1. Please work out if Ala83 is modelled with pLDDT of 85 or more and of a type in the set (Gly, Ala, Ser).
2. Here are some conditions: (1) within 27 Å of His38 (Cβ to Cβ); (2) surrounded by 14 or more Cβ atoms within 10 Å (Cβ to Cβ); (3) not basic (Lys, Arg). Ala67 meets all but one. Which one does it not meet?
3. Can you name the number of the only condition in (1) closer than 29 Å to Arg148 by Cβ; (2) out of contact with any Leu (no Cβ under 7 Å at 6 or more places or on another chain); (3) at pLDDT 70 or above that Thr35 fails?
4. When the residues of the stretch 127-163 are filtered to those that are among the hydrophobic types (A, V, I, L, M, F, W, C) and touching a helix residue (DSSP H, G or I) at 6+ places or on another chain (Cβ under 9 Å), which remaining residue is farthest from Asp34 (Cα to Cα)?
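The values are calculated or read from the model by the stated rules, or taken from the named source; none is laboratory data. Please read all numbers here as calculations on a predicted model, not as lab measurements. Note that we place each Cβ from the backbone using ideal geometry, even for glycine, and neighbour counts take in every protein chain shown.
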Amino acid sequence: MRRTVWFGIAAAACVLLAGAPSPVAASCGTAGADTIVHDVEIVDRDGGRVIHRGDVDLGATLRRIAAGEPAPVGRDDGTAFCARGLDRTRFDDPAYGEFVVLPTYLRGRSPGPQRVIVGTASGRAFYTCDHYRTFVALEPRVVLPPDRRAAIERQSRASCRSR
């Protein structure tokens, strides 16, 4: 089962994808016209407790991605996002890269559930606060460095199932 919720502006489209139920549901908020996602509630998926409530500024993460810089943690940072088990018709690029979001309140810890995925062709970016259950479309586009884009597309062809 899938439910799509559209907010007042196109930049704030939120797609909720069915998955295993969690004890406490996260709320991935609504995107503004800039790099800030408002009203986010991030839940620790192991303990079910809220680890952050408020706005999330993705500016530093989006700049890091555009510059081709790796995250200091997270083995999947900059790899192909295969979207296994998700309805890929919601994502129109042929390949997406996944990137870790490292918010200041999680310094020194594992990357947590937050990710940004970026389409290699369009630069469309989506934010998830709950490890791929919910996606918020972001207004800013991200231009991936050519070598990073090529690597993600190669990996996607080699390891992701076709749509």
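1. Spelling it out, it is not the case that Ala83 is modelled with pLDDT of 85 or more and of a type in the set (Gly, Ala, Ser).
2. Failed condition: (2).
3. The failed condition is (2).
4. Leu144
Conditions tested, residue by residue: (1) farther than 23 Å from Cys28 by Cβ; (2) out of contact with any Pro (no Cβ under 9 Å at 6 or more places or on another chain); (3) surrounded by 17 or more Cβ atoms within 10 Å (Cβ to Cβ).
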{"residue": "Pro113", "(1), (2), (3)": "no, yes, yes"}
{"residue": "Val118", "(1), (2), (3)": "no, yes, yes"}
{"residue": "Ser122", "(1), (2), (3)": "no, yes, no"}
{"residue": "Tyr127", "(1), (2), (3)": "no, yes, yes"}
{"residue": "Tyr132", "(1), (2), (3)": "no, no, yes"}
{"residue": "Phe135", "(1), (2), (3)": "no, yes, yes"}
{"residue": "Leu138", "(1), (2), (3)": "no, yes, yes"}
{"residue": "Val143", "(1), (2), (3)": "yes, yes, no"}
{"residue": "Arg149", "(1), (2), (3)": "yes, yes, yes"}
